[in-house]
Amino acid sequence: MLKLAGAALVFIAASLYGRGMCEKMKRRLAIVTALDDLICYIGGSIENFRMPLGRIFDDYHNTVLEETGFLNTLRRDGLAPAISNMEKELPPEIYDQLCSFAGTIGGGSATEETKLCDFTKERLRKVGEDMRTQLPQRLKMYRLLPLLAAASILLLIL
């Protein structure tokens, strides 16, 4: 009886771990999409209205980025610290691109800034599309793999 209770706990823990990984993947995709929206907003505000970055950051709203605390850091400290705080939430290739974007934005003409936003936006969209196409397979893997590992461990123990 005690072994069965332990086995049930192992399966529950494995299932919860898998669900947590699925939620993490979905959240990562939502953050990438929200950052893409932010870059579009920055580019459009610079191109159409020639707004300063501080005002652009103050006017922008997104629930995903607000939940992560990104927007608070963005408004208080600027783009580079906000991106640095998101390092664990982002794929490495996007993180590097956003760091270079944060270091460059605000230092050129409106045309250069718009081109920089367009380039960064395209990179984000490409990675976001890749993540979106891989998401169903990854979710399936994250749901099944922990359960299979728990089953194999239990077979060895029992």
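The 1.4 Å probe gives accessible areas that order Met141, Met131, Met1, largest first, as Met1, Met141, Met131.
Would you give the gap between the C-alpha center of segment 1-55 and the C-alpha center of segment 83-111, rounded to a whole Å? What the calculation gives is 18 Å, centre to centre.
All other residues with a Cβ under 12 Å from the Cβ of Phe57 taken together, and with Lys, Arg as +1 and Asp, Glu as -1, what is their net charge?
Charge balance in the 12 Å sphere: 0.
Amide H to amide H distances under 5 Å link Tyr60 with no residue, where only residues 5 or more positions off or on other chains count and H is placed in the peptide plane. The phi torsions of segment 78-88, fed into the Karplus equation with coefficients 6.51, -1.76 and 1.60 and a -60° offset, translate into couplings of x, 6, 4, x, 5, 5, 4, 5, 9, 3, 6 Hz, rounded to whole numbers, with Gly and Pro shown as x. Here's the list of lysines a cross-link from Lys121 could span, going by alpha-carbon distance under 23 Å and ignoring same-chain residues fewer than 8 apart: Lys24, Lys26, Lys88.
Share of segment 1-75's accessible area from carbon and sulfur, percent, 1.4 Å? Please list the in-between numbers first.
Values: 2620 of 4370 Å².
So the carbon and sulfur contribution to the accessible surface is 60 percent.
Placing a pseudo-label 7 Å from each Cα along the Cα-to-Cβ vector at Arg27 and Glu129 gives an inter-label distance of 2.8 nm. Computed over the chain, relative contact order equals 39 percent, with contacts defined as Cα pairs under 8 Å that lie 6+ residues apart. Rolling a 1.4 Å probe over the protein heavy atoms leaves Arg138 with an accessible area of roughly 90 Å².
For Kirkwood radius over Cα pairs in Å, the listed values are [x] 17.8; [y] 18.7; [z] 16.0; which was obtained by calculation from the structure presented? Identified label for the calculated read-out: [x]. Since only Ala5, Tyr60, Leu35 are under comparison, the one whose Cα sits farthest along the positive direction of the charge dipole of segment 1-110, derived from C-beta charges on Lys, Arg, Asp and Glu, is Ala5. Accessible area per residue for segment 1-121 is 56 Å², calculated with a 1.4 Å probe on protein heavy atoms, without ligands, DNA or RNA. Accessible surface for Tyr17 stands near 140 Å², nearest 10, in the context of the full protein assembly shown (1.4 Å probe). Full extension of the chain between Lys88 and Phe11 yields a length gain of 25.0 nm, computed as 0.36 nm times the residue separation minus the alpha carbon distance.
The values are calculated or read from the model by the stated rules, or taken from the named source; none is laboratory data. None of these values were measured; they are calculated from a predicted model. Note that we place each Cβ from the backbone using ideal geometry, even for glycine, and neighbour counts take in every protein chain shown. When the accessible area is computed, the model is the full protein with side chains, heavy atoms only, and any ligands, DNA or RNA have been set aside. Shrake-Rupley method; radii C 1.70, N 1.55, O 1.52, S 1.80 Å.
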